[in-house]
Amino acid sequence: RYAHLTQQFRESQPIGPGSTGVGTNVNFDGLGSRVGLLGQRKAFNRGFLFYGKAFADILVGNFRSDYQQINNFQQTQVWTSWKDFRPVPILEYELGAGWQNCSGNFRISGGYYFACWFNTVSTSNYIQAVQTNNYVNVGNAITFDGLVTRLQYLW
């Protein structure tokens, strides 16, 4: 599996007649393996179905991060970049329901998806590391969740 994650942050704060702006970019590119389970159960013999998916990934890759703070009067106050190579475990699951036609080649489904990326560098962790000048243990979990829908044609 290949994964790419991009996080950007921009903020401008007025200070007196000028302003100070902060911007960060945190990017991750990783490769790894994936294992998982897929399950499906037909219901009511009318084409309705329930499904579930669960996956575990272990990706290894590089985080590339940069931080810049600019003031109208003093120009660049802080500019730094940081790179880190690390493993990123990912756990995902999805549960849902759907319908498929009699031949099974057309399907519509919807459900709930949840993923947790562990050992990631988040924007807030990176900003805190820059401000304290401490890059030890920079990382936490980032979660993604939401409703998903699919329209499939299988041949």
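The values are calculated or read from the model by the stated rules, or taken from the named source; none is laboratory data. Please read all numbers here as calculations on a predicted model, not as lab measurements. Here the Cβ positions follow ideal geometry from the backbone for every residue, glycine too, while neighbour counts run over all protein chains shown. For the accessible areas, the whole protein counts, side chains as well, though only heavy atoms, and no ligand, DNA or RNA atoms are used. Shrake-Rupley method; radii C 1.70, N 1.55, O 1.52, S 1.80 Å.
Quick check on this structure: which one of Ser33, Ser19 is assigned to a strand (DSSP E or B), at pLDDT below 95 and hydroxyl-bearing (Ser, Thr, Tyr)? Being assigned to a strand (DSSP E or B), at pLDDT below 95 and hydroxyl-bearing (Ser, Thr, Tyr) holds for just one of Ser33, Ser19, which is Ser19. Do the conditions hold for Arg107, that is, is it charged (D, E, K, R) and under 17 Å from the mean Cα position of the chain (by Cα)? No. Annotation note: Cβ proximity below 9 Å between a residue of the range 77-94 that is within 15 Å of Asn140 (Cα to Cα) and a residue that is modelled with pLDDT under 90 and open to solvent by 50 Å² or more (accessible area, probe 1.4 Å) (sequence gap 6+ or interchain) occurs for Asp84/Tyr135.
Restricting attention to the range 132-155, the residues being at positive phi and touching a residue at least 12 places away in the same chain (Cβ under 8 Å) number 2. The number of residues in the range 135-151 that are surrounded by fewer than 12 Cβ atoms within 10 Å (Cβ to Cβ) and modelled with pLDDT under 90 comes to 2. Within the range 1-16, the set of residues being in a strand (DSSP E or B) and of a type outside the set (Phe, Trp, Tyr) comprises Ala3, His4, Leu5, Thr6, Gln7, Gln8, Arg10, Glu11, Ser12, Gln13, Pro14, Ile15.
The criterion of being open to solvent by less than 30 Å² (accessible area, probe 1.4 Å), within 30 Å of Gln68 (Cα to Cα) and touching a strand residue (DSSP E or B) at 6+ places or on another chain (Cβ under 8 Å) holds for Tyr126. Based on what the data block shows, is Thr20 in contact with a strand residue (DSSP E or B) (Cβ under 6 Å, 6 or more places away or on another chain), among the polar types (S, T, N, Q) and touching a residue at least 40 places away in the same chain (Cβ under 8 Å)? Yes, satisfied. The number of residues in the range 77-100 that are open to solvent by 40 Å² or more (accessible area, probe 1.4 Å) and either farther than 20 Å from Leu5 by Cα or among the hydroxyl-bearing types (Ser, Thr, Tyr) (or both) comes to 8. Among the residues of the range 48-76, those identified as in contact (Cβ under 8 Å) with a residue 40 or more places away in the chain and open to solvent by 70 Å² or more (accessible area, probe 1.4 Å) are Phe48, Phe50, Asn72, Phe73.
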